[in-house]
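Everything below concerns the one structure shown next.
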Amino acid sequence: MLARVWSASIVGIDAVKVGVEVDVSGGLPGIVVLGLPDSAVQESKERVKATLKNAGFAFPMRKIVINLTPADLRKEGPCFDLPISMGILAASEQVSADLLGDYIFLGEVSLDGSLRPVAGVLPIAAAAENMGIAGLVVPMDNAQEAAIVQGLDVYGCKNVAEVVDLLNNPGKHKPVKLDVAKDVPPIVQAIADLKDVKGQAHARRALEIAAAGGHNLIFVGPPGSGKTMLARRLPGIMPPLAFAEALEVTRIYSVAGLLKNRGSLVRDRPFRSPHHSASGPSLVGGGGFPRPGEISLSHRGVLFLDELTEFKRDVLEFLRQPLEDGFVTISRTRQSVTFPAQFTLVASTNPCPCGYYGDTIQQCSCSPRQREHYWAKLSGPLMDRIDLQVAVNRLKPAEITQQPTGETSGTLLERVQQARDRATTRFQNELNLLCNAQMQSRHLSKWCKLDDASRSLLEAAINKLGLSARASDRILKVARTIADLAGEEELKVHHVAEAIQYRTIDRMQ
């Protein structure tokens with residue numbers, strides 16, 4: 001007998017409907033899986049066989065052919081265990097097949113019949129409506145994640161027996177309902193407050209501008225000047241994720257299998273800090289079945305690269321395309337996938353190999369050639385894409401011993417939110433434009449018009465610093481954010497002047 005069960009597979013962060021066709025017929029007992037299965041899918045034959053026996057069902061000792069369609073799409077992971085189990089039971093007439101076509105089945109089975117959670121449930125739930133599917137049957141631990149998508153019937157089951165009872169007696173079971181506002185409280189992250197930072201008024205101002213406009217930022221200074229401490233406080237002054245943004249981020253973390261410690265919905269902005277030994281694929285994503293890397297896991301949040309010059313140059317060059325485009329495309333022989341990557345890059349580095357070039361306390365021991373070689377690790381095109389380049393000096397003894405006097409993160413957050421609201425109003429007719437850092441040339445000519453004095457100042461900076469056209473555009477974007485923080489619509493010469501001050505590295509080299 002032939003039975004068909006619906007499941008789904010993940011390609012990038014999108015879902016593809018997969019048919020699981022099971023044929024039980026005469027012949028020598030055995031199981032054959034067709035349709036480009038990976039090793040985890042091939043192993044499901046033995047898991048399913050033991051699971052059904054231990055759960056009290058009769059496993060048909062006949063020839064079983066399992067075909068996963070479409071045949072040219074590679075299938076991976078243990079999520080096909082449950083649909084294969086239901087297909088075998090339906091083909092052997094141990095479960096009603098009436099509702100098999102109405103639901104997508106996902107889940108890994110344990111040998112005792114219980115269901116284990118799988119990755120990628122949220123993207124599948126989000127795409128189920130377009131697939132013409134009424135609902136999902138998933139492990140209980142995945143039920144809340146899938147139920148975030150409204151208007152979809154989601155059934156969470158603890159074991160195979162519950163799934164069989166759902167199909168045989170659907171009236172006994174009720175779908176999982178979820179009120180996101182009440183049932184998914186945000187997980188409180190311990191984010192340090194900027195009020196604890198002593199001095200560093202220039203760096204604090206740069207953090208405020210970066211948060212308000214989504215601008216990339218680098219801190220340059222000697223060891224112990226507080227570069228890392230400042231960077232880790234940036235998420236505390238960034239506006240909370242809107243629901244649509246939270247869904248985007250959650251889809252990425254669901255595909256990556258990282259939702260376990262973040263709840264059903266990622267409500268806080270991501271903060272990722274890979275080690276400087278990270279490889280290119282670990283940053284942009286990759287693998288035989290491409291998975292999101294650190295830059296996609298930082299989507300709508302912060303990617304912090306501490307000791308930037310310790311990263312390999314070829315690894316840093318991977319950042320250029322996503323910094324410009326907001327996404328990364330990974331191509332393989334059989335498929336090409338695109339992951340979102342709209343993040344705020346925050347980096348820190350020493351000014352030279354010894355770390356003390358320009359320091360007022362300790363003398364630098366590096367030669368000009370050593371410093372030149374040190375900075376050569378960072379290409380000009382990469383640095384052009386970093387809007388705010390800030391020199392951070394070590395605190396003076398009097399500043400170290402005094403009590404912190406700066407504003408709290410909450411106060412800065414209020415100003416940042418007001419600036420973001422102004423930008424949101426300005427961009428209300430623009431698609432996928434959320435902050436000033438994402439503006440293109442056509443937007444600059446519309447919203448970053450300069451008067452004669454501002455234009456003359458910018459031209460002088462371009463001549464003196466040798467700035468590229470991209471770097472000058474970045475100055476305009478920063479100036480636009482500075483004006484938003486001040487509540488002003490027109491760009492003034494002092495807005496442009498302050499923006500030019502954040503080209504520290506251009507002046508150092």
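Other residues within the sphere of radius under 12 Å centred on the Cβ of residue 286, judged by their own Cβ, net out at +1 (K and R +1, D and E -1). Counting only trypsin sites (Lys or Arg not before Pro) that DSSP places in a loop and that have at most 11 other Cβ atoms within 10 Å, the longest clean stretch of the chain runs over 1-176. Per residue, the accessible area of the chain comes to 44 Å², computed with a 1.4 Å probe over protein heavy atoms only. Rounded, prolate or oblate: pick one for segment 121-264, where a ≥ b ≥ c are the square roots of the eigenvalues of its C-alpha gyration tensor, a/c under 1.5 means rounded, and failing that, prolate if a/b is larger than b/c, else oblate. Cα axes put segment 121-264 in the prolate bin.
The calculated FRET efficiency for the pair residue 432 and residue 28, based on their C-beta separation and a Förster distance of 56 Å, comes to about 0.50.
Here the scattering of segment 376-509 is modelled by Debye summation over its C-alpha atoms, one equal scatterer each and no solvent; at q = 0.10, 0.14, 0.16, 0.22 Å⁻¹ the log10 of I(q)/I(0) is -0.40, -0.75, -0.93, -1.33.
Could you check how much of the accessible area of segment 381-509 is carbon and sulfur, as a whole percent, using a 1.4 Å probe? That share works out to 49 percent. Annotation for residue 94 and residue 490: the two label points, set 7 Å from Cα along the Cα-Cβ direction, are 8.0 nm apart. When Rg and Dmax are taken over the Cα atoms of segment 181-312, they come to 15.9, 49 Å.
Site pair residue 258 and residue 277 shows an inter-label distance of 1.9 nm when each label is modelled 7 Å from Cα along Cα→Cβ. Put simply, the C-alpha atoms of the chain give a gyration tensor, and the ellipsoid matching it has half-axes of 53, 23, 21 Å, longest first. Could you give the angle, 0 to 90 degrees to the nearest 10, between helix 243-256's Cα long axis and the longest principal axis of the Cα atoms of the chain? For helix 243-256, the angle is close to 60 degrees. Just how far, in whole angstrom, is segment 207-278 from segment 435-484 if you go by their alpha carbon centroids? Cα centroid of segment 435-484 versus Cα centroid of segment 207-278: 26 Å apart. Using a cut-off of 12 Å between beta-carbons, work out the net charge of the residues near residue 46 (Lys and Arg +1, Asp and Glu -1, residue 46 not included). Surrounding charge for residue 46 is +2. How big is the gap, in Å, between the Cα center of segment 49-126 and the Cα center of segment 337-362? Taking the Cα centre of segment 337-362 as reference, the centre of segment 49-126 is 49 Å away. Using a cutoff of 8 angstrom between alpha carbon atoms and counting only pairs six or more residues apart, the relative contact order for the chain works out to 13 percent.
Extension gain, residue 76 to residue 58, is 3.8 nm, computed as 0.36 nm per intervening residue step minus the present C-alpha separation. In this simple spin-label approximation, residue 456 and residue 363 carry label points 7 Å from Cα along the Cα→Cβ vector, and these lie 4.4 nm apart. Relative contact order of segment 362-509, taken over Cα pairs closer than 8 Å and 6 or more residues apart, is 34 percent. Here the sum of -39500 (n - 2.57) over DSSP H runs of 4 or more residues, divided by the residues of the chain, equals -10500 deg cm²/dmol at 222 nm, to the nearest 500.
Give me the log10 of I(q) over I(0) for segment 242-388 at q = 0.16, 0.21 Å⁻¹, as the Debye formula computes it from C-alpha points; what are the numbers? Taking Cα atoms of segment 242-388 as identical point scatterers yields -0.88, -1.30.
Each residue of segment 418-425 is assigned a 3J(HN,Hα), and the resulting list reads 4, 5, 5, 4, 4, 5, 4, 5 Hz, derived from the Karplus form 6.51 cos²θ - 1.76 cosθ + 1.60 (θ = phi - 60°), x at Gly and Pro. Here segment 41-102 is described by how far its Cα atoms reach on the three principal axes: 33, 26, 21 Å, from widest to narrowest.
Take the alpha carbon gyration tensor of segment 1-83, find the square roots of its eigenvalues, order them as a ≥ b ≥ c, and report rounded if a/c is under 1.5; if not, report prolate when a/b exceeds b/c, else oblate. Verdict is prolate for segment 1-83. Using every pair of distinct Cα positions in segment 359-443, the Kirkwood expression returns a hydrodynamic radius of 17.9 angstrom. Remark: segment 324-391 projects, on average over all directions, an area of 6.7 nm² (convex hull of Cα atoms). Normalising the average separation of contacting C-alpha pairs (under 8 angstrom, six or more residues apart) by the number of residues puts the relative contact order of segment 115-166 at 38 percent. For segment 62-188, the Cα gyration tensor yields ellipsoid semi-axes of 25, 17, 15 Å (square root of five times each eigenvalue, largest first, whole Å).
Shown here for segment 434-509: GluC sites (Glu not before Pro) in loop regions (DSSP other than H, G, I, E, B) with at most 15 other Cβ atoms within 10 Å, namely 488, 489, 490. Dividing the radius of gyration of the alpha carbons in segment 293-367 by their Kirkwood radius gives 1.15 for Rg/Rh.
If R0 equals 56 Å, the separation of the Cβ atoms of residue 173 and residue 329 corresponds to a calculated FRET efficiency of about 0.85.
The values are calculated or read from the model by the stated rules, or taken from the named source; none is laboratory data. All values derive from a computational prediction rather than experimental measurement. Cβ sites come from the backbone with ideal geometry, for glycine too, and all protein chains shown count toward neighbours. Heavy atoms of the whole protein, side chains included, go into the accessibility calculation; ligands, DNA and RNA do not. Shrake-Rupley method; radii C 1.70, N 1.55, O 1.52, S 1.80 Å.
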